[in-house]
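Data block below; observations after.
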Amino acid sequence: MKRLNLSPLTESATLLRRAAVVLGSVGLTAIYSLLVLLRALFGRLNRPIVDKYCREWSAALLKLVRASLTVRGEVPDFNDGRRYIIMSTHASHYDIPVSFVSLPGSIRMLAKKELFRIPLLGQAMAAAEFPSIDRSNRIRAVRDLERAKQMMENGIVLWAAPEGTRSSDGTLLPFKKGCFHLALDTEAVIVPVAIRGIHQVLPARSLQINLGQPVDVRVGTPIETAGKSKEDLAQIMSDVRQSLEQLLGDGEPE
């Protein structure tokens, strides 16, 4: 078990503190997006630099809300030549920063295409190898899928949220099939990750921010998809759901 203590106190943020967290988060995101774009402009952007920026940005965001992280479970060796997809619970905008800080490897979020339209952030994500798959356009989806597969073969670990949207109370929502199709298409190893307590930091569809919340990151047993077909999709989804439900429970991860 690994502890990353970023906060000793738990409290509800005042209006002034909430404003400071929001402004600080926007400012940090803009700064790191600019750093990525400037390095890309001068041909000095590489994967280790992006990894470093992602973790620095994430740690700074979590310090603003004084989160206290604990990591449990055995993380696979992401450098063993296999393709990996982290399938995580999704109950807060802070799921991504928590994952960047607590897990190793070159992690990139499988992003919604709408995020790439945000000024600075969208361009920085594209330069930093954040993939997006547009399944509404078949030709583009095939191209996006091939690019994602090549990135994974080159060591990128994809992060995806099978729920598709944020849970307001931390319980699992119904799964969408998109990231499971991607796992099958790329024969990736699925790593279930449950992030307990994150919904208390910034509850979904709420402006309330709670400081000093304990956040428990739990890594489950990897699930292989190599050799599986579309007929196995329902079973794989069921296996991932069962794993995440267990990780969200009170017991220790296996």
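The values are calculated or read from the model by the stated rules, or taken from the named source; none is laboratory data. Keep in mind the model is a prediction, meaning the values are calculated, not measured. With ideal geometry, Cβ positions are generated from the backbone for all residues, glycine too; neighbour counts draw on all protein chains shown. Areas reflect the complete protein model, heavy atoms only, side chains present, ligands, DNA and RNA absent. Shrake-Rupley method; radii C 1.70, N 1.55, O 1.52, S 1.80 Å.
Assorted remarks:
- Helices in the chain that qualify as membrane-span-like (whole DSSP H runs, Cα extent of at least 30 Å along the helix axis, mean Kyte-Doolittle hydropathy of 1.0 or higher) are 15-41.
- For region 15-248, accessible area per residue (1.4 Å probe, heavy atoms of protein chains only), Å²: 46 Å²
- Counting charges near Y53 (Lys, Arg +1; Asp, Glu -1) among other residues having Cβ under 14 Å from its Cβ returns a value of +3.
- In this rough spin-label picture, where each label sits 7 Å from Cα along the Cβ direction, the D77-K228 distance is 2.3 nm.
- Cross-link partners of K228 among aspartates and glutamates, defined as those whose alpha carbon lies under 20 angstrom from its own and excluding same-chain residues fewer than eight positions apart: E146, E153, D185, E187, D239.
- Heavy-atom accessible area with a 1.4 Å probe sorts D51, D185, largest first, into D185, D51.
- At an R0 of 41 angstrom, the distance between the Cβ atoms of T171 and F42 translates into a FRET efficiency of 0.30.
- Test item: Cα-centred dipole of the chain, Lys/Arg +1 and Asp/Glu -1 on Cβ, debye: 980 debye
- Charge sum, other residues only, whose C-beta stays under 14 Å from K230's C-beta, Lys/Arg counted +1 and Asp/Glu -1: -2
- 5 angstrom amide H check on V215, placed H, neighbours 5+ away: S68, L69, T70
- Carbon and sulfur %, accessible surface of the chain computed with the full protein complex present, 1.4 Å: 56 percent
- GNM flexibility winner over the chain from I139, I107, I195 (Cα, springs under 10 Å): I139
- Long pairs among K52/K177; K52/K112; K112/K149; K52/K230; K52/K176; K63/K149, criterion Cα-Cα beyond 29 Å: K52/K177; K52/K230; K52/K176; K63/K149
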